[in-house]
Each structure stands twice: as structure tokens, then as C-alpha cells.
Amino acid sequence: MPTKPRNRVRIVGGRWRGRRVPFAPVPGLRPTPDRVRETLFNWLQPVIEGARCLDLFAGSGVLGLEAASRGAARVVLVERDLRVVRVLEEQVRVLGSSAVQVAHAEACAWLERTPEPFDVVFLDPPFAAPEWLAACIGLLEDGGWLRADARIYLEAGARTPLPALPPSWSLLRSRRAGQVAYHLARRA
């Protein structure tokens, strides 16, 4: 009897380019599509090398792993589902990356701790909970989590309006791909 194929997603660039990494088969978990990631990391290319990155809704972990593959100095993957956390921890072990840390926590609760400023933040909450996008935006800005000139990636369903951004943020890019709307903001 054939075995079911495991869920996998491909890293599109950097030292792990072409590597397929597994992710937990959890309902609602949807990795950012390859072409969206390729566009996003083209946008981030001038700032990703040596950056400190935070992926608040890690899921498959592919945004954070892509950042590490492309030279980010530190990547924190925050995920609330313990099944997903275990798969992420195993993947980081297999890749042998000391730059990537996995944190088992709910995103907004994690942002209530002592801040550690980041250069790049990935905000890709479940499409079924768009209110988390607005909540995290406020916590990031008010809590001291963003370095000057930080880049913030925002992803939501194509029909979900982008929440109001803080006055210190400017929207640099916006695109749509299928059911996904994605944006890059910069903190001035």
C-alpha cells in the first residue's frame, strides 16, 4: 500500500534553494506560494543579508527559512500549534541552522514580552482570523519590536482590506496572486 505524500514546500532561493521542507498537515495551514515568496524576497533583497527576522505566524516556517537561506543573521519562528512547532524544530535540526529559533507561543502573547527589535517581520495570520493582523501591527509598533527602517510583510486574503497602518509606516508595495493579497511596509 503506497504511503501518503507528506506536505512539503520548496525554498526558492539562497543556500537551501530547491530544498523541499515538510510542514505539519494541520487544517488551515497554507504556505505562502512560491511566486509570492520569490517576489517578496526580491523586494527584501537589499536588506535581508544579516537581518534579524521575526515570523509571527510561522505555520510551514517557509518565510523564516527562506530568510535564513538568503543570509538573515537571526530568525524567530513563532507558532501556537504544538504539532507544527515539533515539525519546525525538526526541520531546523535537519537544516543545521543555528540562526533559526522556534518559539511555541500565540503571536500576540509573544509580543507582550520584553521587546527585541527586528529588521524584518512577517505577518501572515490565518485568513480566517484577519483581526490578528491589526492586533499585531499595534503591538509591533507600540511595543518596541521594530528597528528604525524595519520592513513588515503583510499577507491576507485577497478580499480582506488591509488594516490601518501606524503613521510611521509607509506602504512600499502591494500585489495580489490568486486568493492572496500581499504588501510590504517600511517603518520610517
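The values are calculated or read from the model by the stated rules, or taken from the named source; none is laboratory data. None of the values given here were measured: they were computed from a predicted structure. Heavy atoms of the whole protein, side chains included, go into the accessibility calculation; ligands, DNA and RNA do not. Shrake-Rupley method; radii C 1.70, N 1.55, O 1.52, S 1.80 Å.
Side notes on the structure shown:
- Under-5 Å amide H pairs with Gly13, H placed in peptide plane, nonlocal only: Gly18
- Solvent-accessible area per residue for the chain (1.4 angstrom probe, square angstrom): 49
- The stretch 1-152 - percent of accessible surface contributed by carbon and sulfur, probe 1.4 Å: 50
- Cα gyration tensor shape of the stretch 100-177, rounded if a/c is under 1.5, else prolate or oblate by comparing a/b with b/c: oblate
- With N as its number of residues, the chain has a Cα radius of gyration that, divided by 2.2 N^0.38 Å, comes to 0.96.
- Among the protein heavy atoms, those of Arg175 account for about 110 Å² of accessible surface (1.4 Å probe, every chain in place).
- Normalised contact order of the stretch 55-188, rounded percent, pairs of Cα under 8 Å and 6 or more residues apart: 20
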